[in-house]
Amino acid sequence: MKLARRQFRRKPSLTPMIDVVFLLLVFFMLASRFGVDVQINLPLAGASNKPYQGPPRLVEVLPDTVKLNGLVTPMDALLADLGTMMLSHSDAIILRAREGSDLQRVVQVMERLSDAGYETLVLVE
């Protein structure tokens with residue numbers, strides 16, 4: 001009487017494949033960019049050699065509103081009021097963040113002014 005030989009099949013190990021997938025995951029996480037960098041050009045307050053001209057143009061950025069020369073002004077009216085004070089779109093507009101306003105709020109106001117065509121925005125403390 002002959003006994004039948006049992007053949008054992010060996011299952012392939014998944015450990016090397018898991019290691020490769022993990023390494024690929026780490027590589028693509030490190031090689032990818034998760035956000036878009038935005039550059040904001042801000043001239044220094046004392047960098048210009050031409051003197052300040054025209055009426056004062058101080059825009060104070062508060063958490064929920066903006067002030068133009070100390071008067072609370074809606075954003076749409078701010079653009080119109082600045083237009084009457086400017087000799088050209090390259091005249092300086094002074095921006096000051098007030099207590100409680102965060103950086104995102106200041107950037108939003110700067111983007112609105114830049115979109116309206118105002119070129120020289122000076123951020124002061």
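The values are calculated or read from the model by the stated rules, or taken from the named source; none is laboratory data. Since the structure is predicted, the reported quantities are computational estimates derived from the model, not experimental observations. Cβ coordinates were reconstructed from backbone atoms using ideal geometry, including for glycine residues, and neighbour counts include every protein chain displayed. With ligands, DNA and RNA removed, areas are computed over all heavy atoms of the protein, side chains included. Shrake-Rupley method; radii C 1.70, N 1.55, O 1.52, S 1.80 Å.
At-a-glance table
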| read-out | value |
| --- | --- |
| Accessible area of the chain belonging to carbon and sulfur atoms, whole % at 1.4 Å probe | 59 percent |
| D115-R5 pseudo-label distance in nm [points 7 Å out on the Cα-to-Cβ vector] | 7.9 nm |
| Gyration tensor (alpha-carbon) shape descriptor, the chain, a/c threshold 1.5 | prolate |
| Nearest-0.05 FRET efficiency for V38 and L71, computed from C-beta distance (R0 35 Å) | 0.70 |
| Inter-probe distance in nm under a simple model that places probes 7 Å from Cα toward Cβ, at D19 and E125 | 5.4 nm |
| Principal-axis tilt of helix 75-85 within the chain, Cα atoms, nearest 10 degrees | 40 degrees |
| Principal-axis tilt of helix 15-31 within the chain, Cα atoms, nearest 10 degrees | 10 degrees |
| Three principal axis lengths of the stretch 74-121 [C-alpha, angstrom, descending] | 32, 20, 17 |
| Dipole magnitude of the chain about its Cα centre (Cβ charges: Lys, Arg +1; Asp, Glu -1), debye to nearest 20 | 1880 debye |
| Net charge, L62 excluded, C-beta distance under 13 Å - Lys, Arg +1, Asp, Glu -1 | 0 |
| Mean residue ellipticity (222 nm) of the chain, computed from DSSP H runs ≥ 4 via -39,500 (n - 2.57), nearest 500 | -10500 deg cm²/dmol |
| Whole-number accessible area per residue in Å² for the chain, which is evaluated in the context of all protein chains at 1.4 Å | 82 Å² |
| Peptides ranked, highest mean first, by Cβ atoms within 10 Å: ranges 58-64, 23-29, 68-74 | 58-64, 68-74, 23-29 |
| Helix 103-115 vs. the chain, principal-axis angle (Cα, 0 to 90°, nearest 10) | 60 degrees |
